1. Identify the single condition in (1) within 21 Å of Lys191 (Cα to Cα); (2) not in a helix (DSSP H, G or I) that Ser334 does not satisfy, given that it satisfies every other one.
2. Could you please find all residues in segment 199-225 being hydroxyl-bearing (Ser, Thr, Tyr) and within 16 Å of ligand 2 (Cβ to nearest atom)?
3. Could you say which residue among Ala258, Ala253, Ala220 is farther than 17 Å from Arg16 by Cα, of a type in the set (A, V, I, L, M) and open to solvent by 10 Å² or more (accessible area, probe 1.4 Å)?
4. Can you name the residue in segment 191-210 that is buried (at least 20 other Cβ atoms within 10 Å of the Cβ) and farther than 13 Å from Arg16 by Cβ and is also farthest from ligand 1 (Cβ to nearest atom) among such residues?
5. Working only within segment 16-49, note down all residues that are within 14 Å of ligand 1 (Cβ to nearest atom) and open to solvent by 80 Å² or more (accessible area, probe 1.4 Å).
6. Residues in segment 5-15 that are open to solvent by 10 Å² or more (accessible area, probe 1.4 Å) and either farther than 17 Å from Asp65 by Cα or out of contact with any helix residue (DSSP H, G or I) (no Cβ under 8 Å at 6 or more places or on another chain) (or both): how many?
7. If you go through segment 9-23, how many residues are near ligand 2 (Cβ under 8 Å from one of its atoms) and charged (D, E, K, R)?
Amino acid sequence: VAERTVALTGIKPTGRPHIGNWLGMIRPAIALADEPGVEALYFIADYHGLTTVRDRATLRALTLDCAATWLAFGLDPEKTVLYRQSDVPEVFELAWILACHTPKGFMNKSHAYKAARDANEAGGEDPDAGISMGLFSYPVLMAADILAVDADVVPVGKDQVQHVEIARDIAERVNHTWGEGTLRLPAVRVKSESAVVPGVDGRKMSKSYDNALPCFGSPAELRKAVMRIATDSTPPDAPKDPDSSLVFRIHRALLDEAVGASLAARYRAGISWGAAKKLLADDLETQLEGARARYASWIARPEAIDLLLAEGARRARRIAGPVLGRVRAALGVSSSA
Ligand code: ADP
Ligand code: TRP
């Protein structure tokens, strides 16, 4: 008998969603939501975004952008619960409870914090310069997102695996102290072919690095970004090693295995970088065409997105409410337990 499986994932509204977000997380997450027996909850992590965004209009615009992106790529709002994190107060109550069970050492090791600290040290700054408690304890809030809805699977890109493992560790500690079954342990799910999509400079494609191919910029903007992908000076007709080519590695994430293999053969036979980039831009354009039209239609109707997010939050709270009731009862706190 197929049991109900709860899938949960989020994206933070700190920039426009890019091809890495789509191929690494959004596309596999939407495929997962379509599997039988799966109840999916996908959300916009606006309070996670608060670790960097400092402007009301920007936060709102990016939140709408992320919601429109989910919808454009085929999230079915009838079936999948789409919501904004800040609309679900249960998450923040749980975050405190989890924080009290989280060894500080877990956070010291968390890679977002470590990266910020290392950058400070490399620049000769105070190691804590510019690091808020929000950034430091980011994985606790993420654990609360996951654990507040009894999530079974968390589809994410590879960079988020550590955070899901931290969520599991914290849940085990809570269960050890307050009783098995207080929290449900989640599992991570990573799509291996697109676990890390590189950006135009070869680092992980990211909203924060100015190295991303945007999903829904204009077609001209997309082509311009593709032309920025770093290449070497191999002569045009010389054979190219696909695996060491950034253009190929980005392109392969878009394609299924068989098509990827025949593209690799073209590289080995010899293809100019210009031609390789044109193939990539053309394929992106074709695959994005339908989504682009749906994106335009949603982003033009912010009120419709607001309504949908509000309904999503009601549904998410109907799940998180009883989970928090169970946790409060285990702790023996709060009269509402
Ligand atoms: P960014 O790093 O651009 O700020 P987020 O941290 O908001 O993106 O990531 C949202 C989701 O997209 C996460 O599940 C993350 O693992 C995935 N993701 C982000 N960048 C990539 C990438 N370059 N390749 C694969 N997946 C990615
Ligand atoms: N931290 C994730 C990211 O930067 C976004 C996120 C927040 C998330 N809460 C989550 C992802 C819960 C999965 C589950 O990409």
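The values are calculated or read from the model by the stated rules, or taken from the named source; none is laboratory data. On a predicted model such as this, the values are computed, not experimentally measured, just so you know. All Cβ positions, glycine included, derive from the backbone under ideal geometry; neighbour counts span all protein chains shown. Heads up: the accessible areas ignore ligands, DNA and RNA and are worked out on the full protein's heavy atoms, side chains in. Shrake-Rupley method; radii C 1.70, N 1.55, O 1.52, S 1.80 Å.
1. With respect to (1) within 21 Å of Lys191 (Cα to Cα); (2) not in a helix (DSSP H, G or I), Ser334 is out only on (1).
2. Ser206, Ser208, Tyr209
3. Details: Ala253 fails: open to solvent by 10 Å² or more (accessible area, probe 1.4 Å); Ala220 fails: farther than 17 Å from Arg16 by Cα.
So the residue among Ala258, Ala253, Ala220 that is farther than 17 Å from Arg16 by Cα, of a type in the set (A, V, I, L, M) and open to solvent by 10 Å² or more (accessible area, probe 1.4 Å) is Ala258.
4. Residues of segment 191-210 that are buried (at least 20 other Cβ atoms within 10 Å of the Cβ), as a first pass: 194, 197, 199-200, 205, 207.
Subsequent filtering for residues that are farther than 13 Å from Arg16 by Cβ retains 194, 197, 199-200.
Numbers: Ser194: 6, Val197: 4, Gly199: 7, Val200: 11 Å.
Here the answer is Val200.
5. Passing the criteria: Arg16, Tyr47.
6. 1
7. Residues in segment 9-23 being near ligand 2 (Cβ under 8 Å from one of its atoms) and charged (D, E, K, R): 1 in total.
Table: residues versus (1) closer than 28 Å to Ala129 by Cβ; (2) under 16 Å from the mean Cα position of the chain (by Cα); (3) part of a helix (DSSP H, G or I).
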{"position": "Ile30", "(1), (2), (3)": "no, yes, yes"}
{"position": "Ala40", "(1), (2), (3)": "no, yes, no"}
{"position": "Tyr47", "(1), (2), (3)": "yes, yes, yes"}
{"position": "Leu59", "(1), (2), (3)": "yes, no, yes"}
